[in-house]
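Coordinate-derived values only; no laboratory data. Every value quoted in this text rests on a predicted model; they were computed, and no experiment measured them. Don't worry about glycine lacking a Cβ; one is built from the backbone with ideal geometry, like all the others, and counts go over all protein chains shown.
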Amino acid sequence: MKEFELSDVIDVKTLQTIQDAFSSATGMAALAVDLNHDVTKLSNPTDFCVKLTRGSKEGYRRCNSCDLKGGREAGQSHKPAVYYCHAGLMDFAAPIMVRGRQVGSLVGGQVLPEKPDPEKFRKIAREIGVDEEKYLEALSKVKIVPKKQIEAAAQLLYLIANTLSEVGYQKASLSEYLSHLIQSYRKLYEKVQEADRSARQVAEHVSSLHGSFAELLKSGEKIQGDLDKTGSIVKFIENLAMQTELLSFNASIVAAESPGTGFDVIAQELNTLSEDNAGKAKDAHTVLDSVSVSMKEMDTHASQTQKELMEDSDSIGKLQTCINEIHQIAEELNGLCKKLSENKNEDSHTVVA
């Protein structure tokens, strides 16, 4: 939580209105300051203080010294301080606190608690370099207010200002928390949108893979059919080899019975052809068996993968439904955050009205 300034927790216009009403009711001057400078305009100022005392260089220096001293005293005690200023008037300083930390002060007074001693003020006029007669004339217009009444008035202004500052602090804190909440929901909304896009992409990829595996299974079935056909051809070659071997055997018999007729050469060629065809057929059969086994394994794995993809597709569908519901809630929250943000911006210039 950040450290708030006076203008963060109390609307300056509201404070000025209260301050002016206070001065009108009590006849005392009043001013609100933060830790660095004036926040409001001085209410009900006296010519004695503003035009004459503060109008001189030395008087201005002494006034500032008194204000700082009174403010420090009030800040240390956390309650209003009533004191005589260097010019002999009675002033007050009331701290404005926020959670134990001083954010400003209400200073004022510029009144007399009793009838003044002219000689005392003549001396002060000489010390600060002001015309004595004008000083006494301005002094005669200063209101006389009993000290107890000054203390009560300072206490009242202190209570009002600190009540306003506490309410303002709560509202400013709520506004800050609301800002964090709005930012969090906006991040959540962005994440939900991102999750929604990712889920859709995954669903599309799974659907594409499902189609690819379906095509793969069809291709596998076609290859298996081609293998079956090739197996039939291999069997035909095996049968042909057997027939060639039989012809070779018959040619050998004829060659034995009729030497010199050339059947011995034919028998030899037929025997070589038979053995070659038989070897090739055996090799082809071995390869076909191996390919067939591999195709069956591929078909099994492809079928299992396709089944898992279908299950994943169902799960992704359920996830998509869930994300859609969350997305709808996030949309509603996002709209609410926008309204809250707009209301917050409208009220940002008036913390306490």
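Counting Lys and Arg as +1 and Asp and Glu as -1, what is the net charge of the other residues whose Cβ lies under 12 Å from the Cβ of GLN102? Intermediate values should be presented prior to the final figure.
Working: positive: ARG72, LYS79, ARG99, ARG101; negative: GLU3, GLU5, ASP34, GLU73.
Cβ neighbours under 12 Å give a net charge of 0.
How big is the stretch 6-145 by Rg and Dmax over its Cα atoms, in Å?
15.2, 48
Go ahead and run the numbers for FRET between THR17 and VAL50, Cβ-Cβ distance against an R0 of 30 Å, rounding to 0.05. Walk me through the numbers before you get to the answer.
Values: r = 21 Å, r/R0 = 0.70.
Efficiency at R0 = 30 Å is approximately 0.90.
Once the piece of chain linking ILE326 and LEU136 is laid out straight, how much longer is it, given 0.36 nm per residue of separation minus the C-alpha distance between them? Display every interim value, and only then the final one.
Details: separation 190, 0.36 × 190 = 68.40 nm, distance 7.82 nm.
Value of the extension gain: 60.6 nm.
Lys and Arg at +1, Asp and Glu at -1: add these up for the other residues within a Cβ distance under 15 Å of VAL82 and post the number.
Value of the local net charge: 0.
Around ALA153, what is the net charge, scoring Lys/Arg as +1 and Asp/Glu as -1 over all other residues with Cβ under 15 Å from its Cβ?
Numbers: positive: LYS79, LYS143, LYS147, LYS148; negative: ASP20, ASP91, GLU151.
Its environment carries a net charge of +1.
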